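Q: Have a look at this one.
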Amino acid sequence: MMNIPEIKIQNIVASTRLANKLDLDSIGLLLEGAEYEPEQFPGLIYRMKDPKAAILLFRSGKANCAGGRDLESVQRCIKQVREQLTAAGIEVYDEVEINIQNIVAVTDLGRNLNLNSIAITLGLEKVEYEPEQFPGLVFRMDEPKVALLIFDSGKVVCAGAKRVEELEEAIRKLIEELTNAGYLP
């Protein structure tokens, strides 16, 4: 059986609660480069350069971090925003729980694939494949609960994982199915 190819995380989306409530008008003035246009979007958008990520702050005190490429950068992003808010005199929680909502990653199976045949092999009830609409095959896996976008180039995008182990398990299961069906060596 084939080894699992390198899996590269492209994006991690995490949520947390920083406070009971946040005054986004004040925060928008404090955080340099923050975007807050409530008529367009109810949250404040703050893009960070290091780590390269964005954090969305909401009046409810909730926050979403997107764009991190590893768990450490997500934690750093949230920690830095908490520190900046505290330094500006805005009350935030001392400790926050970070919940991973979605991890998106890519891998390459290293060979071209016949998506028409694979759609039948994986089971039409779990697959969406309409090449006129989208060039990839969407395979919805039950366990782990992720969606795999499989392209004829052999590239695979995995979305919906909440843990890195789920990414690895999903790719391993896909490779196993494709190997057993004769699509991979």
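The values are calculated or read from the model by the stated rules, or taken from the named source; none is laboratory data. Everything quoted here is computed from the prediction, not taken from an experiment. As a convention, Cβ positions derive from the backbone with ideal geometry for all residues, glycine included, and neighbour counts pool all protein chains shown. Side chains are part of the model used for accessible areas, which takes the heavy atoms of the whole protein and leaves out ligands, DNA and RNA. Shrake-Rupley method; radii C 1.70, N 1.55, O 1.52, S 1.80 Å.
Q: Of 66, 154, 115, which is farthest towards the positive pole of the range 34-185's charge dipole, taken about the Cα centre with +1 and -1 on the beta-carbons of Lys, Arg and Asp, Glu respectively?
A: After comparing all options, I get 66.
Q: Any idea of residue 36's accessible area? Nearest 10 Å², probe 1.4 Å.
A: 40
Q: Now, a different point. Please turn the phi angles of the range 55-69 into ³J(HN,Hα) values with the Karplus equation 6.51 cos²θ - 1.76 cosθ + 1.60 (θ = phi - 60°), one per residue in order, whole Hz, x for glycine and proline.
A: 10, 9, 10, 10, 3, 5, x, 7, 9, 10, 10, 9, x, x, 9
Q: Work through the residues other than residue 110 whose Cβ is under 11 Å from its Cβ and net out their charges, Lys, Arg +1 and Asp, Glu -1.
A: Numbers: positive: 111, 155; negative: 6, 108.
Taking every Cβ under 11 Å from that of residue 110, the sum is 0.
Q: Another one. Show me the helices of the chain, taken as full DSSP H stretches, that run 15 Å or more along their long axis by Cα and average -0.5 or above in Kyte-Doolittle hydropathy. Each step should come with its number before you reach the end.
A: Working: long enough: 71-87 (24 Å, -0.42); 164-180 (24 Å, -0.42).
Span-like helices, by this rule, are 71-87, 164-180.
Q: Also: Between residue 40 and residue 97, what length comes free when the chain is fully extended (0.36 nm per residue of separation minus the Cα-Cα distance, one decimal in nm)?
A: Extra length available between residue 40 and residue 97 comes to 17.7 nm.
Q: Dipole magnitude of the range 106-172 about its Cα centre, charges +1 at Lys/Arg Cβ and -1 at Asp/Glu Cβ only, in debye to the nearest 20?
A: With only Lys, Arg, Asp and Glu charged at Cβ, the dipole is about 120 debye.
Q: Kindly report, to the nearest 10 Å², the accessible surface of residue 58 as traced by a 1.4 Å probe over protein heavy atoms only.
A: Approximately 50 Å² for this residue.
Q: Mind checking the full-extension length gain between residue 147 and residue 8? Use 0.36 nm per residue of separation minus the Cα-Cα distance, one decimal, nm.
A: On the way: separation 139, 0.36 × 139 = 50.04 nm, distance 1.58 nm.
So the chain would gain 48.5 nm between residue 147 and residue 8.
Q: Round to the nearest 10 and report in Å² the accessible area of residue 6, as given by a 1.4 Å probe over the protein chains' heavy atoms.
A: 130
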